[in-house]
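Here's the structure, in structure tokens; my notes come after.
The values are calculated or read from the model by the stated rules, or taken from the named source; none is laboratory data. As the structure is a prediction and not an experimental result, all values here were calculated from the model. Cβ placement follows ideal geometry from the backbone for every residue including glycine, while neighbour counts extend to all protein chains displayed.
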Amino acid sequence: MTTVSDTVPGTDDLVLDVRDLVVEFKTGRQRVQAVSGVTFQVRRGETLGLVGESGCGKSTTGRTLVQVQPATAGTIVYRGEDLTALTGRRLRQLRTKIQMIFQDPISSLNPRRRVRDIVAEPLVIWGRGTKAERDQKVREMLEAVGIDPDSSGDRRPQEFSGGQCQRISIARALMADPELLICDEPVSALDVSVQAQILNLLADLKERFSLTMVFIAHDLAVVKTVSDRVAVMYLGKLVEVAGSDELYRQAAHPYTEALLASIPEPDPDAQELQPALSGELPSPLDPPSGCRFRTRCPYAQERCAAEEPPLREIAPGHQVACHFPLHGTPAPADQAPAPT
Amino acid sequence: MPDDRELASTHAADQLLGDRFPGMAATDELVVSRQSEALDSDDILLRRPLGILFWLALAWVAVVALAAIFANVLPLHNPNFQNYNAINQGPSFHYLLGTDDLGRDLLSRLVFGARVSLIVGFVSVAIGMAVGGTGGLVSGYLGGAVDGSLNALSFVILAYPAIVAVIAIVAFWGQSLWKITIIIGVGTIPLLFRVVRASSLSFANRDFVIAAKTMGATTPRILFREILPNVVPVALTFGLITVAGVIVIEGSLAFLGLSVKLPTPSWGNLISEGTSNGNISINPLILLWPSLCMFLLLLSINLIGDRLRQRFDIREGLL
Amino acid sequence: MSAVRRTRGRTLEFKDVHDGGGPLLAVEDLHTAFRTTRGTVRAVDGVSFELQAGTTLGIVGESGSGKTVLSRSIMGLLPPHDVLRSGTVHFAGHELTAMKPSELRQVWGAELSMIFQDPMTALNPVKRIGKQITESLLLHLDMDKKEAASTAVELLRSVGIPSPEERVRWYPFQLSGGMRQRVMIAIALACAPRLVLADEPTTGLDVTVQAQILDLLGDLQRERHMAVILVTHDLGVVASRADEIIVMYAGRIVERAPADTLFHDTHMPYTKALMESIPRLADPAGTRLTAIPGRPPDLIHPPKGCRFAPRCPYAQTKCLEAEPPLRTAGSPDHLFACWFPLVNGVSTAPAPVAGNGAAATTLPDGPGDTATATAQAASGGTDAAAPGSGDGPTAGGETEAEA
């Protein structure tokens, strides 16, 4: 697996620059913030993991990156162009550069169309190549994802298992020659054995097609395996961003620590680190004051309810939003915004 | 060699137990239901055969349709010719199904009557589908204000008793075949709109539609390539059932004397004739033939619709 | 809850297994097959095991291994038509397979209950959750309504649902996935059953919630001295929670051992491969996972010989010809079905068979945590790593990468 984290990134390396992203949904008369001010960058060739529980806004963030969900505020700059400001043909063109893999492999393929046509669709939409050239490219891509084009091309998605559908879905996404692949829980609907096949496949294809990836999942063990950097999300906000190994060795946010503790280790002797996270995600309709995690945090103090901790760097490349991080220094009181 | 085991689909397996367990759930307090991995031996990709009944039904619809289409060239008596020497005759070689109280050939009246019933049934639904179906497809996918207003409009129209409206319009506008077809056709628009819209809506936010968007597909392309193929089975099935319903409506209009003008036969007119002037007791055949034909036709259409739905339904089709 | 009265409509007497009358559950040579137009699917093909009261058994396998059908066969929850079942299921002194539906209904929910994977579909969406709990209390325990209602509140409290007095009036859609699964557990435990079958109870849930649910199940089990069968595709889930683990493959048990033994002295290559396919936190980022190539076999025409042989890295000619019996070596409680079992992680097979293409170079011998180097080496053959490798012939006809 290639990493670019050890090379100094120049501005050319910046593929995606997301700033202060806010996404709101209307439910009846109320407005719910699914994403409340998220900022992160993705550099060329890296895989950024986005991890958190259901309802934390990670999938919404993913959908906003491909602009199937409009952003309420903030910018998503892909290679110098702000996607949130684009419409029409330019948006459609640029979208092909950012492709998405979905959680439910079966629902992400049109059940009424043949595999061959599904995979060829991106080329047909843009009228690329002749029929023969398209067929050839479909063959190559299906082979690249481990699907036999001869026996499978004329079948329909329901004739395939979940793992195979996910492979077809990946082949389709790569047909458009994307630079950035957003994987939204691509393996959480699959068996562990198939999960390993798909994760390995993604790693191979990433290298072969020089892809940059955003990998969204709830399982930190999976995210950590494929990602160079991991961003942990909680209730619409990023709480910690760090290199994968750094995050595992030196989790600074109590939430990250809890996430790590909840992964079942395939070893009967594994010590339970501590009681797994208790309680559930608070309602985003009425998020807690101050630090949003404080209601479930074993270390919460008065200050956590009063002030919202900003995302700050505690080590090079390691950011955390916590007043009392488990590693590094506590946030100086005067730097924190005044309580509102 | 295409590997057969690759046909195996967990979905097929889900289906097997998913379909069968709910029945058991009713027998005990444990709630058993469709599981995403209910049966994990996943090798049941098989299509249920359509069955002999389906083919019989299709054959009957075909016979009726062909007879109606070729009524002019078939060796039939003039349906309106009154042979006073042969009143209320039973079936004979000359009059295969007998004659009515005016000495008209029942078979030929039946065949020409089928013409009216089928035209009213299929053409009016075609009109309804062209307008309501297309509207529903677009409205369901696009959503928003357009969808909101169209939806509200369809509710308003549906709230008005359709049969009363049709009767009023027919009485006012006239009783020709085409007028009746158009009136009933317009009447089916809101119904078909709602059905197609619901189906379109259910596919509008599927992942495969979102995937098509991210590939840069335009809205018309998504509508016709991604959504339409999924909506067609529902539309087709419901359309067939509507055809059956419309044939009944034509019959009701005829009963009220508001269908095509007599003596032009339609099945509704024939049934109406069969019940008037004491014909039921004098010559029940006048009533029997059109009623039987209509009954079998409606049964056939509904059966075909139901079997097609099963076949098209991806989950059910797998069994 | 322990002092339950079982009176109304009850014609069966259940032996109290605390008296030490053998195992709580004994499954013997259970076969379940489904007749389909393509042939007979042998989903469970000769499974035997015993379960002692109060213990936890993990049943692990991929989709298609027959684990779910096994759990349903034990319950007697099978479709009424086109099913062939043979073998016996002894439960607390009764033969479940011989019971009439009316007798089974007295067992279900009361003595033997089930927790399903998807609580949203397993709960009735139009009934308040309180009512769904009290139903079985009223049916099996002869409680009056008031008593049942207060028991329902207690049950919800015991499964960790906050403010249960209020929640009994809620509908399932008002709860989150984790909360719904807690309600399912409350329903399953309402009548203090002796055995709970949990079929992938945490598969649709977040890892954090998964940990909570499994911990809850473990606590309740200890409190109530229930036996639990935990069916899952993830060995990680059962590792620290099961006393004994059964690994299933293609409708059969391929390895069965106490959890410790299974993890520390794995004999079956399939078990090892399952363990290695789980991503571990301790592995450095970018570690290549060791995937099992291919898919489980067709259960209509299972391969000759060992059913795992076509995917096994150590398969020999013998494995492709003769089916290995479930046998023991050393400790009597460790059963496995392999001609060339692993010993200390190393195969006893002489040499990989030529032609078993995908498998020949796979699965390094080293333990999983040194996987980086070895797994990289293995990647040429495992999984889908080699594009188009599905074209090559393989021994069992099961081509690689599901092609």
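Please count how many residues of the range B:246-285 are assigned to a helix (DSSP H, G or I), surrounded by fewer than 19 Cβ atoms within 10 Å (Cβ to Cβ) and free of Cβ contacts under 8 Å to residues at least 40 places away in the same chain.
Total satisfying the criteria: 4.
Select from the range A:60-92 the residues that are closer than 30 Å to A:Gln158 by Cα and part of a helix (DSSP H, G or I) and write down the one among them that is nearest to the other protein chains (Cβ to nearest Cβ). Give the derivation first.
Initially, the range A:60-92 is screened for residues closer than 30 Å to A:Gln158 by Cα, giving A:60-69, A:92.
Adding the requirement that they be part of a helix (DSSP H, G or I) leaves A:60-65, A:92.
Values: A:Thr60: 13, A:Thr61: 15, A:Gly62: 11, A:Arg63: 8, A:Thr64: 12, A:Leu65: 10, A:Arg92: 4 Å.
Among those that are closer than 30 Å to A:Gln158 by Cα and part of a helix (DSSP H, G or I), it is A:Arg92.
Test each condition in (1) more than 8 Å from chain B (Cβ to nearest Cβ); (2) within 20 Å of C:His233 (Cβ to Cβ) for C:Ser65 and report the one that comes out false.
(1)
With the requirement that a residue be out of contact with any Lys or Arg (no Cβ under 8 Å at 6 or more places or on another chain), in contact (Cβ under 8 Å) with a residue 12 or more places away in the chain and assigned to a loop (DSSP other than H, G, I, E, B), what does the range A:283-298 give you?
Passing the criteria: A:Pro284, A:Leu285, A:Pro287, A:Ser289, A:Cys291, A:Phe293, A:Cys297, A:Pro298.
When only residues in the range A:249-266 that are over 12 Å from A:His327 (Cβ atoms) and crowded, with 20+ Cβ neighbours inside 10 Å count, which is modelled with the lowest pLDDT? Talk me through it step by step, then tell me what you get.
Of the range A:249-266, the ones over 12 Å from A:His327 (Cβ atoms) are A:255, A:258-266.
Next, only the ones that are crowded, with 20+ Cβ neighbours inside 10 Å stay: A:255, A:258-259, A:262-264, A:266.
Working: A:Tyr255: 92, A:Ala258: 88, A:Leu259: 88, A:Ser262: 83, A:Ile263: 82, A:Pro264: 79, A:Pro266: 75.
Applying the filter and picking the extreme gives A:Pro266.
Please pick out the residue among B:Ile210, B:Ile169, B:Ile180 that is assigned by TED's automatic domain parsing to the domain that holds B:Gly245 and within 21 Å of the chain's Cα centre (by Cα).
After ruling out the rest, the residue left standing is B:Ile180.
Out of A:Val187, A:Val222, A:Val192, A:Val138, report the one residue that is more than 9 Å from chain C (Cβ to nearest Cβ) and more than 25 Å from A:Trp126 (Cα to Cα).
A:Val187
Residue by residue through the range B:200-220, note down the ones that are more than 18 Å from A:Gln158 (Cα to Cα), in contact with an Asp or Glu (Cβ under 9 Å, 6 or more places away or on another chain) and part of a helix (DSSP H, G or I).
Correct list: B:Leu201, B:Ala212.
One line per residue, one yes/no per condition, for (1) modelled with pLDDT under 90; (2) assigned to a loop (DSSP other than H, G, I, E, B):
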residue: A:Glu240; (1), (2): no, no
residue: A:Glu272; (1), (2): yes, yes
residue: A:Ala300; (1), (2): yes, yes
residue: A:Leu326; (1), (2): yes, yes
residue: A:Asp334; (1), (2): yes, no
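Quick one: in the range A:125-170, of everything that is of a type in the set (Val, Ile, Thr) and modelled with pLDDT of 90 or more, which residue is farthest from the chain's Cα centre (by Cα)?
By that ranking, first place goes to A:Val138.
Give me the residue from the range A:148-160 that is at the interface with another protein chain (Cβ under 7 Å from one of its Cβ atoms) and closer than 17 Å to B:Phe208 by Cβ and, out of that set, surrounded by the most Cβ atoms within 10 Å (Cβ to Cβ).
A:Phe160
Quick grid of which residues meet (1) closer than 23 Å to B:Gly103 by Cβ; (2) in contact with a Pro (Cβ under 7 Å, 6 or more places away or on another chain); (3) within 14 Å of chain A (Cβ to nearest Cβ):
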position: B:Phe203; (1), (2), (3): no, no, yes
position: B:Ala211; (1), (2), (3): no, no, yes
position: B:Ile222; (1), (2), (3): no, no, yes
position: B:Glu250; (1), (2), (3): no, no, no
position: B:Gly268; (1), (2), (3): yes, no, no
position: B:Ser272; (1), (2), (3): yes, no, no
position: B:Ser276; (1), (2), (3): yes, no, no
position: B:Ile286; (1), (2), (3): yes, no, no
position: B:Phe295; (1), (2), (3): no, no, no
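Residues of the range B:225-245 being touching a helix residue (DSSP H, G or I) at 6+ places or on another chain (Cβ under 9 Å) and either within 14 Å of another protein chain (Cβ to nearest Cβ) or not in a helix (DSSP H, G or I) (or both), which ones?
B:Arg225, B:Glu226, B:Ile227, B:Leu228, B:Asn230, B:Val231, B:Val232, B:Pro233, B:Val234, B:Ala235, B:Leu236, listed by residue number.
Which of the residues that make up the range C:303-355 are part of a strand (DSSP E or B) and without any contact (Cβ under 8 Å) to a residue 24 or more places away in the chain?
The answer is C:Arg327, C:Thr328, C:Pro332, C:Val346.
Answer yes if at least one residue in the range B:188-199 is more than 30 Å from A:Asp104 (Cα to Cα), in contact with a Lys or Arg (Cβ under 9 Å, 6 or more places away or on another chain) and in the same structural domain as B:Val120 (by TED's automatic domain parsing), and no otherwise. Show your work before the answer.
At the first step, the residues of the range B:188-199 found to be more than 30 Å from A:Asp104 (Cα to Cα) are B:188-192.
Subsequent filtering for residues that are in contact with a Lys or Arg (Cβ under 9 Å, 6 or more places away or on another chain) retains none.
Checked the range B:188-199: no residue is more than 30 Å from A:Asp104 (Cα to Cα), in contact with a Lys or Arg (Cβ under 9 Å, 6 or more places away or on another chain) and in the same structural domain as B:Val120 (by TED's automatic domain parsing).
Are any residues in the range A:113-129 of a type in the set (D, E, K, R) and either facing chain B (nearest Cβ under 8 Å) or buried (at least 22 other Cβ atoms within 10 Å of the Cβ) (or both), and if so, which ones?
Matches in the range A:113-129: A:Arg113, A:Glu121.
In the range C:104-155, which residues are of a type in the set (Lys, Arg), within 10 Å of chain B (Cβ to nearest Cβ) and closer than 22 Å to C:Ser176 by Cα? Give the derivation first.
Keep residues of the range C:104-155 that are of a type in the set (Lys, Arg), which gives C:105, C:127-128, C:131, C:145-146.
Within this subset, residues satisfying the condition of being within 10 Å of chain B (Cβ to nearest Cβ) are C:105, C:127.
Selection gives C:Lys127 alone.
Please determine, by comparing only the residues of the range A:76-100 that are in contact with a helix residue (DSSP H, G or I) (Cβ under 6 Å, 6 or more places away or on another chain) and modelled with pLDDT of 90 or more, which one is surrounded by the most Cβ atoms within 10 Å (Cβ to Cβ).
Of all residues in the range A:76-100, those in contact with a helix residue (DSSP H, G or I) (Cβ under 6 Å, 6 or more places away or on another chain) come to A:76, A:95, A:99-100.
Subsequent filtering for residues that are modelled with pLDDT of 90 or more retains A:76, A:99-100.
Details: A:Ile76: 22, A:Gln99: 26, A:Met100: 28.
Among them, the one singled out is A:Met100.
Across the range A:93-112, what is the number of residues that are closer than 18 Å to A:Ile147 by Cα and more than 7 Å from chain B (Cβ to nearest Cβ)?
The number of residues fulfilling the criteria is 2.
Return the residues of the range C:291-331 that are away from chain A (no Cβ under 14 Å), crowded, with 17+ Cβ neighbours inside 10 Å and of a type in the set (Gly, Ala, Ser); say none if nothing qualifies.
C:Gly305, C:Ala309, C:Ala315
For the range C:11-45, how many residues meet the condition of being of a type in the set (A, V, I, L, M, F, W, C), farther than 16 Å from C:Val83 by Cα and modelled with pLDDT of 80 or more?
Step one: of the range C:11-45, the residues of a type in the set (A, V, I, L, M, F, W, C) are C:12, C:14, C:17, C:24-27, C:30, C:33-34, C:41, C:43-44.
With the extra rule that they be farther than 16 Å from C:Val83 by Cα, the set shrinks to C:12, C:14, C:17, C:24-27.
Checking the rest, the ones that are also modelled with pLDDT of 80 or more come to C:24-27.
So the count comes out to 4.
Can you confirm whether B:Ala65 is surrounded by fewer than 22 Cβ atoms within 10 Å (Cβ to Cβ), at pLDDT 80 or above and either among the hydroxyl-bearing types (Ser, Thr, Tyr) or in a helix (DSSP H, G or I) (or both)?
So B:Ala65 fits the description; yes.
Within the group C:Glu62, C:Glu103, C:Glu50, which residue is assigned by TED's automatic domain parsing to the domain that holds C:Arg222 and surrounded by 17 or more Cβ atoms within 10 Å (Cβ to Cβ)?
Criteria check complete, one pass: C:Glu62.
For the structure I just gave you, tell me whether A:Phe215 is within 12 Å of chain C (Cβ to nearest Cβ), crowded, with 24+ Cβ neighbours inside 10 Å, of a type in the set (A, V, I, L, M, F, W, C) and closer than 29 Å to C:Tyr249 by Cβ.
Numbers: within 12 Å of chain C (Cβ to nearest Cβ): yes; crowded, with 24+ Cβ neighbours inside 10 Å: yes; of a type in the set (A, V, I, L, M, F, W, C): yes; closer than 29 Å to C:Tyr249 by Cβ: no.
Spelling it out, it is not the case that A:Phe215 is within 12 Å of chain C (Cβ to nearest Cβ), crowded, with 24+ Cβ neighbours inside 10 Å, of a type in the set (A, V, I, L, M, F, W, C) and closer than 29 Å to C:Tyr249 by Cβ.
Could you check C:Leu96 against (1) modelled with pLDDT of 85 or more; (2) buried (at least 19 other Cβ atoms within 10 Å of the Cβ); (3) touching a Ser or Thr at 6+ places or on another chain (Cβ under 6 Å); (4) not hydroxyl-bearing (Ser, Thr, Tyr) and say which number it fails?
Of the numbered conditions (1) modelled with pLDDT of 85 or more; (2) buried (at least 19 other Cβ atoms within 10 Å of the Cβ); (3) touching a Ser or Thr at 6+ places or on another chain (Cβ under 6 Å); (4) not hydroxyl-bearing (Ser, Thr, Tyr), the odd one out for C:Leu96 is (3).
Consider A:Tyr234 against the criteria (1) closer than 21 Å to C:Val238 by Cβ; (2) modelled with pLDDT of 90 or more: it satisfies all of them except one. Which criterion is unmet?
Every condition holds for A:Tyr234 apart from (1).
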